[in-house]
Amino acid sequence: MRHLLVCLLLAAVPAAGAAPPPLPATLWRYVAKGRIRILEMLTLTSEGPNVVLRIRHFDPKLVAREEKDRAVELPLVAKGPREAVFEGPEYDAKGAVRLTYRRGDDDSLTAVLEKEGTRQEFRLRRR
């Protein structure tokens, strides 16, 4: 569960100015009606004082949505004890993307994706 992993990893990110530990790439998949609809690969990296979430999208045949030399890059713009907010340009540079992760007290995670005037909310929980 990509969103839960991101939020848990962010808990390890120290205060501004300190570098977080290196984090591996993660793969997440969206399945509907028993079929994979989209795959996402993401990394969370430290670049100087900043933390950047990079995302690449693939269809079930592993054809990338983004150009082969580009990923969606979303810098961390706000962080609280149980929340992380990433924001940056969409891969096609036509608009901005805002991705907010909030951890619940019950070890659940709410992910809010805002782009192109739309807002989607996903509530995820460990199995």
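Working from label points 7 Å from Cα in the Cα-to-Cβ sense, the Gln120 to Ser108 distance is 1.9 nm.
Pairs Lys61/Lys94; Lys79/Lys115; Lys33/Lys61: which exceed 23 Å Cα-Cα? As for pairs spanning more than 23 Å Cα to Cα, those are Lys61/Lys94.
Any read-out appearing in this document is the output of simple, stated calculations on the displayed coordinates, not a laboratory observation. None of the values given here were measured: they were computed from a predicted structure. FYI the Cβ positions are ideal-geometry reconstructions off the backbone, even for glycines, and counts take in every protein chain you see.
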